[in-house]
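The values are calculated or read from the model by the stated rules, or taken from the named source; none is laboratory data. Because the structure is a prediction, the values reported are computed rather than measured. Here the Cβ positions follow ideal geometry from the backbone for every residue, glycine too, while neighbour counts run over all protein chains shown.
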Amino acid sequence: MSAEVAELMEQVSPYLTAALGAYGGAVLTRSEDATADASANLGRHILHTVWCRRSEVDQSALETAVHDAAEDTEDADAAAALRQQVKRALRDDAGLRRELIGLLPEPSGTVTISASGNRAIAAHSIGTAITGDNARTDK
């Protein structure tokens, strides 16, 4: 699996979860719900976009995965099966990858980092961090 597909799956997964929570197994057949939050509606749109670009056999497999994941939102195996269906579609279709990237919101650029407690470290990126008494970086 390419890094692009893995990164895209990481970005879309929370939206898929939100869509299943809001729409349940009907996520592929219901139209957008004004009462659902934006994340759920985006997840519904993502799943519908993937479904529309698949063959009949692949649509059926995606529908089954959606229903299984919606039936028990705590079932990690069902959620993984759904992600696998979406991942397969993304791997097979570069146009779909571009389309989904276009649907995702732009990153805000805002990063919040916090730490608390004795010798706590918080960093967005870090090379070497040492806490403690008499710590040394030379060997």
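Checked against the criterion of being basic (Lys, Arg) and modelled with pLDDT of 95 or more, the candidates 83, 44 yield just one match: 83.
Return the residues of segment 82-107 that are within 21 Å of residue 39 (Cβ to Cβ), aliphatic (A, V, I, L, M) and part of a helix (DSSP H, G or I); say none if nothing qualifies. If you could, list the steps in order and put the result at the bottom.
First, the residues of segment 82-107 that are within 21 Å of residue 39 (Cβ to Cβ): 82-83, 85-87, 89-90, 96-97, 99-107.
Then drop every residue that is not aliphatic (A, V, I, L, M), which leaves 82, 86, 89-90, 96, 100-101, 103-104.
Those that are within 21 Å of residue 39 (Cβ to Cβ), aliphatic (A, V, I, L, M) and part of a helix (DSSP H, G or I): 82, 86, 89, 90, 96, 100, 101, 103.
Only a single criterion out of (1) surrounded by fewer than 12 Cβ atoms within 10 Å (Cβ to Cβ); (2) under 20 Å from residue 96 (Cβ atoms); (3) of a type in the set (S, T, N, Q) is not satisfied by residue 41, namely (1).
A single entry from 56, 106, 74, 99 fulfils the requirement of being acidic (Asp, Glu), at pLDDT 75 or above and either at positive phi or surrounded by 10 or more Cβ atoms within 10 Å (Cβ to Cβ) (or both): 99.
What is the residue count in segment 44-66 for residues that are of a type outside the set (Asp, Glu), in contact (Cβ under 8 Å) with a residue 12 or more places away in the chain and in a helix (DSSP H, G or I)?
If we filter segment 44-66 for residues that are of a type outside the set (Asp, Glu), which is where we start, we get 44-55, 57, 59-62, 64-66.
Checking the rest, the ones that are also in contact (Cβ under 8 Å) with a residue 12 or more places away in the chain come to 44-51, 53-54, 61-62, 65-66.
Pick out the ones that are also in a helix (DSSP H, G or I) and you get 44-51, 61-62, 65-66.
Number of matching residues: 12.
When residue 27 is tested against (1) within 20 Å of residue 103 (Cα to Cα); (2) at pLDDT 90 or above; (3) in a helix (DSSP H, G or I); (4) touching a helix residue (DSSP H, G or I) at 6+ places or on another chain (Cβ under 9 Å), just one condition goes unmet, and that condition is (2).
I'd like the residue in segment 25-66 that is of a type in the set (Ser, Thr, Tyr) and under 17 Å from residue 95 (Cα atoms) and, out of all such residues, is nearest to the chain's Cα centre (by Cα). Applying the filter and picking the extreme gives 49.
Within segment 1-21, the residues that satisfy the criterion of being crowded, with 19+ Cβ neighbours inside 10 Å and either of a type in the set (Gly, Ala, Ser) or more than 14 Å from residue 103 (Cβ to Cβ) (or both) are 18, 19, 20.
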